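A short worksheet on the structure shown next.
The values are calculated or read from the model by the stated rules, or taken from the named source; none is laboratory data. If you're wondering where the values come from, they're calculated on a predicted model, not measured in any experiment. All Cβ positions, glycine included, derive from the backbone under ideal geometry; neighbour counts span all protein chains shown. SASA here: full protein model, heavy atoms, side chains in, ligands and nucleic acids out. Shrake-Rupley method; radii C 1.70, N 1.55, O 1.52, S 1.80 Å.
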Amino acid sequence: MLDNRQQIVTLLNSFGIKIIGFCDVPAKIEKIEIEEFFPRAVVFGFRLSESVLRTIEDRPTLIYKHHYKTVNWILDQTACHLARYVEDQGMRALALPASQTVDWEKQRGHVSHKTLAVAAGLGHIGRSGLVVHHDFGAQVRYASVLTDMEFTVDAYTEATCGDCKKCMNACPASAIGEAGVDLNLCLNKLKEFSKIRGVGQYICGVCVKVCDGRN
Ligand code: B12
Ligand code: SF4
Ligand code: SF4
């Protein structure tokens, strides 16, 4: 008989999801629109295509925009199926959108997937501000499901960027420094990119492309 954790892994694997973490929801995590208390989270990721990322030089390409939307769709569909599965077992589950901004002024989602991914030991916050997965770098997009289902959680893993400065050197907005990212500079650049014909989204992809987990 599979336990809850094994059953979730089996379900997510059946949707092509291989990057999976389990965590307690950090007590001080910011939440928007969510009043209910959920003690735990399943956070999972989909690795972006290397061929798509290779089309990016210093700005987003239209094929990256399409891939970004497709991967968000895969993550959102999977989160929805997982939440349904948990609720069918008589427990609570809330699927969080992969990439929905709720507070446009502060640029916030419902809950930070990065915070949950770090808590689940999937990676560390790199100089770029992105979650750097231990095998695939920043080339992973995430979604999460909050729940009260019982399962064992993963341990937080200690890691750093070391001497790597690839994202610092590549960022077209010069937004990344030794100590981290200035997301206001990034946001201004993304607003500019969104005006490129056919892009229409706050995307870039440059710091994602260079952070391939091979430092
Ligand atoms: C709004 C938003 C933005 C805003 C940024 C606003 C902001 N201040 O975060 C803008 C438009 C600028 C943006 C840009 C990008 N974004 Co964005 N964005 C989001 C969104 C929708 C919400 C983010 C949010 O609520 N932030 C609020 C703050 C409180 O949380 P946070 O920044 O996520 O997390 C910080 C803290 O929690 C803290 N922290 C957490 N744990 C730990 C642990 C330690 C040890 C430390 C020190 C700190 C720490 O540090 C984190 C990083 O600063 C998320 C989806 C989501 N719901 O999470 C995607 C998301 C963060 N974006 C993502 C990506 C990839 C991008 C872009 C590359 C655009 C693109 N797709 O081409 C750029 C990258 C910019 C960069 N260098 O980080 C991915 C990140 C994936 C990854 N591997 O990390 C996400 C998670 C979407 C997804 N489904 O995967 N984004
Ligand atoms: S490119 Fe290098 S410095 Fe930048 S976040 Fe990734 S590992 Fe860290
Ligand atoms: S998304 Fe683009 S502009 Fe923003 S930090 Fe990454 S490379 Fe720089």
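Quick notes
- Estimated 222 nm signal from helices in the chain, with DSSP H stretches of n ≥ 4 weighted -39500 (n - 2.57), rounded to 500: -9500 deg cm²/dmol
- Accessible surface of the chain [probe 1.4 Å, protein heavy atoms]: carbon and sulfur percent: 52 percent
- Taking a straight line from the alpha carbon of residue 165, these lysines sit under 18 Å away, with near neighbours fewer than eight places off in the same chain left out: 209.
- For residue 19, distant residues with modelled amide H under 5 Å away: 45
- Rounded to whole Hz, the Karplus (6.51, -1.76, 1.60) HN-Hα couplings of region 103-113, x for glycine and proline: 9, 6, 5, 8, 6, 10, x, 4, 8, 7, 5
- Database remark: amide H of residue 164 closer than 5 angstrom to no amide H (H placed geometrically; neighbours at sequence offset of 5 or more, or on other chains; Pro and chain starts carry no H).
- Order by protection proxy (mean Cβ within 10 Å, highest first), peptides 95-104, 75-84, 129-138, 39-48: 39-48, 129-138, 75-84, 95-104
- Over region 4-210, accessible surface divided per residue gives 52 Å², non-protein components excluded, 1.4 Å probe.
- A cut-off of 5 Å between modelled amide H atoms, ignoring neighbours fewer than 5 places along the same chain, links residue 40 with 25, 147.
- Ranking by accessible area, most exposed first, for 23, 164 with a 1.4 Å probe: 164, 23
- Between the Cα long axis of helix 183-194 and the first principal axis of the chain there is an angle of about 80°, rounded to the nearest 10.
- Three-way shape call for region 4-210 based on the alpha-carbon gyration tensor, with the a/c threshold at 1.5: prolate
- Helix 62-88 axis, angle to the chain major axis (alpha carbon atoms, nearest 10°): 10 degrees
- Cα-based helix-to-principal-axis angle, 4-14 vs the chain, degrees rounded to 10: 50 degrees
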